[in-house]
Amino acid sequence: MKTFYVNGVNGNNIELVGDEHNHLKNVIRLNCGDQVKVVCGDDFNYFCTIMQINKNSTILKVDSKELNKANPKVNLTCYMALIKNDNLSLVVQKLTELGCSTFVPFESRYTVNKDKGTKIEKLNLITQQSLKQCGRSKPMVIKPTKKLTDLVNDLKQHDLIIFANETEKSENLNDVLMQNMNAKNIAIIVGCEGGFEQTEIDLLINNNAKSVTLGSRILRAETASIMLTAIILNFFKEYC
Ligand code: SAM
């Protein structure tokens with residue numbers, strides 16, 4: 001059954017407009033009477049019948065709703081330095097599929113690809129598209145871009161902060177996870193193509209981030225964030 005995303009469900013009728021309406025009408029060409037699934041960012045899947053297909057909107061009737069079972073159970077936030085647009089899009093898509101709850105882009109000393117204001121909208125669209133494919137009803141929340149120096153306050157809300165530090169020689173991810181098995185609100189921090197400046201590394205470590213190595217090979221930033229997300233969510237039993 002095809003899934004559509006709307007910004008909220010209020011009552012028994014849903015109106016699809018814009019891209020979602022266009023997709024239903026002109027791309028997959030559904031008809032009145034067909035069944036579709038709607039998600040809107042809350043905890044439910046809404047099962048609907050198509051009642052009317054108009055020029056600019058489609059009217060659906062909600063037949064039933066059920067609790068969505070694909071939303072993340074583990075609370076993971078990824079703080080990721082801005083990287084090239086296509087790679088950032090890839091990260092947002094894959095982290096949505098893997099079950100990351102929140103994504104916070106940040107600018108650091110070596111960020112080349114600064115945020116000129118359009119990125120968040122684009123990233124929100126990507127997580128919405130990805131959620132329809134993977135079955136979540138809640139998109140990954142994309143927060144506005146911050147400066148690394150302003151992240152420090154946000155970090156206080158987490159009881160485990162794992163910082164992928166390419167200069168780290170000894171601390172490894174497994175040991176840090178084993179020492180923090182009861183963490184509930186977890187964060188990861190991954191740098192951009194150019195990595196971190198030493199003062200940034202010091203700032204993060206002084207604010208409780210656990211610096212870890214991801215091994216002897218330097219990974220691309222997108223590989224590091226996807227790998228860390230999958231390992232951590234698996235450790236905290238998201239995939240059971
Ligand atoms: N320019 C840096 C260098 O040459 O050392 C590499 C930066 S790397 C491409 C981008 C980010 O991925 C890093 O800032 C770090 O967060 C993460 N990363 C990549 N490989 C890593 C590793 N082996 N251990 C820890 N973090 C790693």
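Every number here is computed from the coordinates shown, using simple stated rules; none is lab data. The model shown is predicted, which means the values in this text are computed figures rather than measured ones. Using ideal geometry, Cβ is built from the backbone for each residue, glycine included, and neighbour counts are taken over all protein chains shown.
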* Net charge dipole size for segment 84-215 [Lys, Arg +1 and Asp, Glu -1 on Cβ; Debye, nearest 20] -> 620 debye
* If you rank CYS192, CYS100 by fewest surrounding Cβ atoms within 10 Å, what's the result? -> CYS192, CYS100
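D for the chain, whole µm²/s, Stokes-Einstein with Kirkwood Rh over alpha-carbon pairs at 10 °C and 1.306 mPa s: what number? It would help to have the intermediate numbers written out before the result.
On the way: Rh = 19.2 Å.
For these conditions, the coefficient is 83 µm²/s.
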* Using a Gaussian network for the chain with springs between C-alpha atoms less than 10 Å apart, which of these wobbles most: GLU193, GLU166, GLU20? -> GLU20
* To do: May I ask you to sort ARG220, ARG109, ARG136 by Cβ crowding, counting other Cβ atoms within 10 Å and putting the fewest first?
  => ARG220, ARG109, ARG136
* Asked: Of VAL6, VAL152, how do they rank once you tally other Cβ atoms within 10 Å and put the fewest first?
  -> VAL152, VAL6
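Rounded to the nearest 500, what is the 222 nm mean residue ellipticity of the chain from helices alone, with -39500 (n - 2.57) per DSSP H run of 4+ residues and division by all residues? Intermediate values should be presented prior to the final figure.
Details: 7 runs with 74 residues, N = 240.
Helices in the chain give a 222 nm mean residue ellipticity of -9000 deg cm²/dmol.
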* To do: Could you tell me, in Å, what Rg and Dmax come out for the Cα atoms of segment 3-67?
  => 10.7, 32
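List the pairs from LYS73/LYS146; LYS94/LYS132; LYS2/LYS84; LYS94/LYS143; LYS94/LYS119 whose alpha-carbon separation is above 22 Å, in the order I gave them. Write down the numbers at each step before the final one.
Details: LYS73/LYS146 26 Å; LYS94/LYS132 13 Å; LYS2/LYS84 32 Å; LYS94/LYS143 17 Å; LYS94/LYS119 17 Å.
Too far apart for the 22 Å limit: LYS73/LYS146; LYS2/LYS84.
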* **Among LEU228, LEU95, LEU177, residue whose mean-square fluctuation peaks in a GNM of the chain (springs only between Cα atoms under 10 Å)** => LEU177
* If you plug each phi of segment 14-28 into the Karplus form 6.51 cos²θ - 1.76 cosθ + 1.60 with θ = phi - 60°, what whole-Hz ³J(HN,Hα) values come out, in order, with x for Gly and Pro? -> 10, 10, 8, 10, x, 4, 5, 5, 4, 5, 5, 7, 9, 9, 9
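Please check the chain for the longest run free of chymotrypsin sites (Phe, Trp or Tyr not before Pro) that are loop-located per DSSP (anything but H, G, I, E, B) and have at most 14 other Cβ atoms within 10 Å. The partial results should precede the final answer.
Numbers: sites that count: TYR110, TYR239.
Here the longest run is 111-238.
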